[in-house]
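Let me begin by presenting the structure, written as C-alpha cells, before commenting on it.
Each reported figure results from applying straightforward, stated rules to the coordinates on display, with no laboratory input. What you see is a predicted model, and the numbers here were worked out from it, not measured in a lab. Cβ coordinates were reconstructed from backbone atoms using ideal geometry, including for glycine residues, and neighbour counts include every protein chain displayed.
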Amino acid sequence: MVTFYIVRHGETLLNSLGRAQGWSDSPLTDNGKMAAKDLGLEIKGTIFHAAYASDTLRAVQTAEMILSISGNSDIKVQKDMRLREWCLGSMDAEHNTTFIKVVSDWLGVSAFAELNKRLPDVAAAIYEHDSTGMAEPFTAIASRLKGVLEDIAQNESYNENGSILVVTHAFAIKTLLYLFAPEQLCAVEKVKNIAILRLIYDEGKFHF
C-alpha cells in the first residue's frame with residue numbers, strides 16, 4: 001500500500017493578482033511560502049519515502065519547503081511534467097473573472113460550483129477557445145495524471161506502507177477527484193492553495 005499526500009502549491013504572484021494559471025508559472029508569494037512552511041509543521045513526523053512535483057517553480061518550491069520543515073530534508077524532489085496543471089492555452093494568465101465567464105457562458109451555467117460536475121466539459125470549453133494549439137482534451141489530461149501516479153506507485157511499492165508527497169495544481173487535483181472520488185468533487189467548490197488530500201493506492205486501485 002502507498003499513501004500519496006496530494007498538495008496544491010502555495011499562493012503565487014499570479015494567484016495574488018487574480019489570474020488563471022495553467023502552464024504559465026510564477027514564484028510563490030511570501031504568504032505562499034509561509035503557508036507551505038505551516039503545512040510542513042502540521043505534518044511533521046510523517047516520514048516521506050519520496051517526493052514528486054510538477055516541473056513548475058511554484059510546485060517545486062512548495063515541495064522543498066514542506067520537506068524541509070516536516071523533517072524530510074534528505075528527500076530530493078523529483079520533477080515530472082505529467083503533474084502539471086491543465087494547459088489553459090490562450091486563456092493562460094487571463095483574469096480569473098474573464099476565464100470563468102468564458103467557460104461558464106460556453107457551458108450555459110451560472111454557478112461556479114456547477115463547473116465541478118462537468119469537468120470534462122470545462123476542459124472542452126478551454127480546448128475550443130484555445131488559439132495556441134496547446135490546450136489538452138480531458139482524456140489526455142486524465143491519462144497523464146493517472147499514468148504518473150500509477151508509475152510512482154509501482155516505483156515506490158517496495159516501501160511497504162510508504163508515504164509519498166506529491167505537489168501539483170488545482171485542476172489537476174480536481175481531475176484526480178473526478179477519477180477516483182467523484183462524489184467528493186461535487187462537494188468541493190475550490191481547491192485552495194496548500195490544500196492536502198490523502199490518496200491510497202492498494203492492490204492496483206486508487207481511493208481517497
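Things to note:
- Which of Val7, Val60 has the fewest Cβ neighbours within 10 Å, and the rest in rising order: Val60, Val7
- Pairwise Cα separations in the stretch 55-111 fall into 5 Å bins from 0 onward with the following percentages, short to long: 4, 15, 18, 14, 12, 10, 11, 9, 5, 1.
- For q = 0.12, 0.23, 0.25 Å⁻¹, Debye-computed log10 I/I(0) when each Cα of the stretch 1-100 counts as one equal scatterer: -0.41, -1.18, -1.31
- Neighbourhood net charge (14 Å Cβ-Cβ; Lys/Arg +1, Asp/Glu -1) for Leu165: 0
- Within the chain, DSSP assigns beta bridges of which about 45% are antiparallel (rounded to the nearest 5).
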